[in-house]
Amino acid sequence: MIIEPAGRDEFLALMVETYGESMSPVEFDWWFDRNPAGPRILNEARDDDGTPLGALAMSSFRMSQGLAAFAVHAVTTPRARGRGVFSTLELHNERVAAEAGASWALGFTNPMAGPILVGRVGWEDVTSLRIWVRPRRLRKRGRGALREAATAEPFSDRHSVSYDAHHIARDPAYLTWRYADSPRQYVRLEDGEGWAVVTHAVWHGFSSAVICEAVCGPSLIRRCVRAVDSDLAVAMVNPGEERTYLAAGFVPTPRTIRFIGKRLSDEAPELPKRREAWHFTLGDLDFF
């Protein structure tokens, strides 16, 4: 098996071949090459005859404790089954991330990758991140759109925010890259008290207003909901935010996201296992 850096076109072609769809080249360049926290970590495995077996990616983000590498896109072909391709690529990416200065590898995992990461390559469960929703329609339509124009203006120092819990550093460079420069469509709303970012996506078959950021009170969250033609609105609610979201009409659901991690060196800080030790939003996920 040969491990080597993967090119954009090869990676996207492998995603289409395996899953039938992929991000666009423009979206790839934005997510992987323009990330202000550092260069992409994207490697592929090939058989000895050159046949692609799979590819795995990580994205670096500056967090409150330092640099962290998040496991993002992964793809393996049927030919890779039973050969440890995913594990081999993952361990290789972790070494690259550690050499770049990352202390933790983190991930919002799924039922396919989670058992491998936790069961075979030393990751551990950290906490569960509960999803809250606000229903909007009696009948699911599964389609919708933004009702307001997407925001392209850069973020400024007044939008910077920090939290007591571990979080991705939200400075103007990160926020501008994540939302204003994105080929995806986001709407930034502001009032005298704060600001918020919302987008439209299909979530589990529902046309959804996705609350990506909400540094504000319930009135602005309600504006975010109205800014999208949708079946429902979804948000990740952190400890201490429950009353704000309840006042905006949201309720907790049984759905959670499994958050996992791994220390990349003996000197790395321990991963706290308490939900209140972490602050995340749906904008921190790579698929919204």
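The values are calculated or read from the model by the stated rules, or taken from the named source; none is laboratory data. Note that the structure is a prediction, hence the values are computed from the model and not measured. Here Cβ is always computed from backbone atoms with ideal geometry, including for glycine, and neighbour counts include all displayed protein chains. Note: areas computed on protein heavy atoms with side chains; ligands, DNA, RNA excluded. Shrake-Rupley method; radii C 1.70, N 1.55, O 1.52, S 1.80 Å.
For this structure, a couple of remarks:
- Of all residues in the stretch 245-288, those being over 19 Å from the mean Cα position of the chain (by Cα), open to solvent by less than 40 Å² (accessible area, probe 1.4 Å) and among the β-branched types (Val, Ile, Thr) number 1.
- Positions within the stretch 218-265 being assigned to a strand (DSSP E or B) and farther than 30 Å from residue 116 by Cβ, in sequence order: 228, 229, 232, 233, 251
- Residue 219 meets all of the listed conditions (1) at pLDDT 95 or above; (2) within 28 Å of residue 25 (Cβ to Cβ) but one, namely (2).
- The stretch 64-93, subset open to solvent by less than 10 Å² (accessible area, probe 1.4 Å) and under 18 Å from the mean Cα position of the chain (by Cα), residue farthest from residue 112 (Cα to Cα): 68
- Of the helices (runs of 4 or more DSSP H) lying entirely inside the stretch 81-186, those containing at least 1 residues that are among the charged types (D, E, K, R) and in contact (Cβ under 8 Å) with a residue 12 or more places away in the chain span 85-99, 113-120.
- Residue ID - surrounded by the fewest Cβ atoms within 10 Å (Cβ to Cβ), chosen from residues in the stretch 22-49 that are over 18 Å from the mean Cα position of the chain (by Cα) and without any contact (Cβ under 8 Å) to a residue 40 or more places away in the chain: 49
- Of all residues in the stretch 187-228, none satisfies the criterion of being free of Cβ contacts under 8 Å to residues at least 24 places away in the same chain and open to solvent by less than 10 Å² (accessible area, probe 1.4 Å).
- Hey, residue 178 in contact with a Gly (Cβ under 7 Å, 6 or more places away or on another chain), within 20 Å of residue 35 (Cβ to Cβ), of a type outside the set (Val, Ile, Thr) and surrounded by 14 or more Cβ atoms within 10 Å (Cβ to Cβ) or not: yes
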